[in-house]
Amino acid sequence: MSNETNIATDVIQVSHLKVSFLDNHVLKDFTIQLKQGENLIILGASGSGKSVLIKCIIGLMVADSGSIKVFGDEVTELTPEELNKMRAKVGFLFQSNALYDSMTIRENLRFPLIRHWVKNVRETAEELVMEALTNVGLEDTADKFPSELSGGMQKRIALARTLILKPQVILYDEPTAGLDPITGKEICQLMLELQKKYHTSSIIITHDLNCVKIMASRIVMLIDGICYATGTFEELKQLKDKRVTDFFD
């Protein structure tokens with residue numbers, strides 16, 4: 001079943017986005033809106049531009065043309081300081097987890113607090129770290145290193161680090177990649193539980209249909225660089241368009 005949400009205003013607006021790498025036109029005229037409280041799934045083949053899209057949203061890449069508004073602000077017009085403040089409100093869960101091997105779990109979780117200099121961080125950092133670890137059920141891992149944890153545990157820590165700043169929006173890049181089906185399902189259920197707890201909105205890139213079923217408020221099919229089709233899981237599955245239904249077989 002699709003996740004029920006209380007959808008209100010747009011928190012992200014992507015309009016007519018174009019991104020090319022030489023003759024490879026990855027995004028041709030891509031337009032989406034992420035609404036408050038929504039979990040938006042982006043489905044598309046490998047190399048279709050899904051990761052490029054979320055990197056443009058967070059300001060890690062610059063599009064050739066088009067508009068990206070986050071909380072009403074045009075991302076390309078933000079100063080470095082403004083961009084940093086925006087990123088504090090937009091969590092990004094990397095496919096690789098991007099944990100620092102030389103840091104303990106506690107140090108990994110403290111890093112975004114120090115980098116973005118949250119108000120009163122010196123007084124609240126340890127409390128926030130333990131709250132984040134409690135959220136993912138790994139309170140006893142604070143002094144361990146990432147290499148001492150399983151893949152599923154590392155994913156939970158990466159999720160804890162993403163949530164530690166209490167972002168309003170989270171961008172997930174293949175959150176279940178490399179995990180077995182049972183662990184992947186557990187991660188998705190945890191993502192949904194924390195989304196409801198913190199009232200976040202999410203854009204989720206995934207090939208995992210179990211993740212789609214658990215998380216999706218709405219699905220966007222990214223095909224040929226455009227928003228080819230959009231709808232719920234059941235709506236898209238029932239379309240007569242083979243380019244869409246192939247994803248659901």
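Quick note: the coordinates plus some simple rules give every number you see, no bench work behind them. Worth saying up front: this structure is predicted, and the values here are computed from it rather than measured. Every residue, glycine among them, receives a Cβ derived from its backbone with ideal geometry; neighbour counts consider all protein chains shown.
At-a-glance table
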| item | result |
| --- | --- |
| Theoretical gain in end-to-end length, Asp241 to His25 [0.36 nm per residue, Cα-Cα removed] | 75.5 nm |
| Hydrodynamic radius (Kirkwood) for the chain, which is based on Cα pairs only, to one decimal in Å | 18.6 |
| Mean separation of Cα contacts under 8 Å (6+ apart) over length of segment 10-248, as relative contact order % | 27 |
| Length gained when the stretch Asn84-Ser96 is fully extended (0.36 nm per residue, less Cα-Cα span) | 2.1 nm |
| Radius ratio Rg over Rh of segment 161-249, counting only Cα atoms, Kirkwood formula for Rh | 0.99 |
| Net length gained if the chain between Asp64 and Asp143 were fully extended (0.36 nm per residue, minus Cα distance) | 24.0 nm |
| Loop-exposed trypsin sites (Lys or Arg not before Pro) per DSSP, neighbour cap 15 Cβ within 10 angstrom, longest uninterrupted part of the chain | 1-118 |
